[in-house]
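One structure is given here, and the rest of the page talks about it.
The values are calculated or read from the model by the stated rules, or taken from the named source; none is laboratory data. These numbers come from a predicted model, not from an experiment. Cβ coordinates were reconstructed from backbone atoms using ideal geometry, including for glycine residues, and neighbour counts include every protein chain displayed.
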Amino acid sequence: MVLPLAARAAFEGCVRFYEFQDRLQISSSMLTSRLKWMVSAGLFERKQYQTNPPRYEYVLSDLGRSVRPVLVSLAAWGNSRLAPAERSMILIDAETGEEVEPAVVDRATGRQLDTEQFVFAAGPAASPPCGPGTSVPAPPGNQRTEAPAGRRLAAL
């Protein structure tokens with residue numbers, strides 16, 4: 001769970017090791033290993049800000065910043081299960097200060113994607129199905145031929 005928490009801390013302005021440690025309340029050895037992993041995964045960039053002694057900042061990369069919609073969705077999901085007084089954070093409009101309610105929608109149509117109208121289908125790199133009744137249809141134009149038509153994996 002360190003990735004979502006570290007990314008959230010970075011979105012809130014943390015860049016230095018001690019800021020992450022204060023915010024996340026984890027040991028320095030654990031934070032060091034997690035930051036190394038996130039840098040190697042391309043989610044953070046390590047930038048030196050002091051030479052003697054060497055000190056570094058950890059800033060979100062483009063890939064790391066692309067995690068924001070996922071964090072917003074996770075926070076909205078978590079908040080939907082809490083009473084308003086139990087929420088440790090809310091998403092607000094920076095200009096108005098009004099609380100907003102995130103929704104995942106199809107970019108082309110604006111339709112919400114949390115209904116059973118939307119299902120997962122096998123993509124070009126899909127693995128074989130795991131058991132009877134778990135095959136998924138290939139989307140129109142997909143070159144895969146081994147996925148039987150008419151079955152779906154799961155509704156969103």
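General remarks:
- Hey, ALA121 exposed (fewer than 10 other Cβ atoms within 10 Å of the Cβ), part of a loop (DSSP other than H, G, I, E, B) and of a type in the set (A, V, I, L, M, F, W, C) or not: no
- Residues that are in a loop (DSSP other than H, G, I, E, B) and touching a residue at least 12 places away in the same chain (Cβ under 8 Å) within the stretch 26-40 comprise just one, ILE26.
Here's the yes/no breakdown for (1) part of a loop (DSSP other than H, G, I, E, B); (2) exposed (fewer than 11 other Cβ atoms within 10 Å of the Cβ); (3) assigned by TED's automatic domain parsing to the domain that holds TRP37; (4) at pLDDT 95 or above:
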{"site": "ASN79", "(1), (2), (3), (4)": "no, no, no, no"}
{"site": "MET89", "(1), (2), (3), (4)": "yes, yes, no, no"}
{"site": "GLU95", "(1), (2), (3), (4)": "yes, yes, no, yes"}
{"site": "GLY110", "(1), (2), (3), (4)": "yes, yes, no, no"}
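- Of the residues making up the stretch 91-128, those that are in contact (Cβ under 8 Å) with a residue 24 or more places away in the chain, among the hydrophobic types (A, V, I, L, M, F, W, C) and over 15 Å from VAL70 (Cα atoms) number 5.
- Test set (1) under 23 Å from VAL104 (Cβ atoms); (2) buried (at least 16 other Cβ atoms within 10 Å of the Cβ); (3) not basic (Lys, Arg) - PHE44 fails condition number: (1)
- The stretch 97-108 - residue that is among the acidic types (Asp, Glu) and at pLDDT 90 or above and, of those, nearest to the chain's Cα centre (by Cα): ASP106
- Residue satisfying all of: in the stretch 1-25; part of a helix (DSSP H, G or I) and of a type in the set (A, V, I, L, M); nearest to GLN48 (Cα to Cα) among these: ALA10
- For the stretch 31-51, the set of residues classified as touching a strand residue (DSSP E or B) at 6+ places or on another chain (Cβ under 7 Å) and either closer than 14 Å to GLN21 by Cβ or outside the structural domain of ALA7 (by TED's automatic domain parsing) (or both) consists of LEU35 only.
- Cross-chain or 6+ apart pairs with Cβ under 7 Å, the stretch 53-65 first and assigned to a loop (DSSP other than H, G, I, E, B), then surrounded by 13 or more Cβ atoms within 10 Å (Cβ to Cβ): SER61/LEU43; SER61/PHE44; SER61/GLU45
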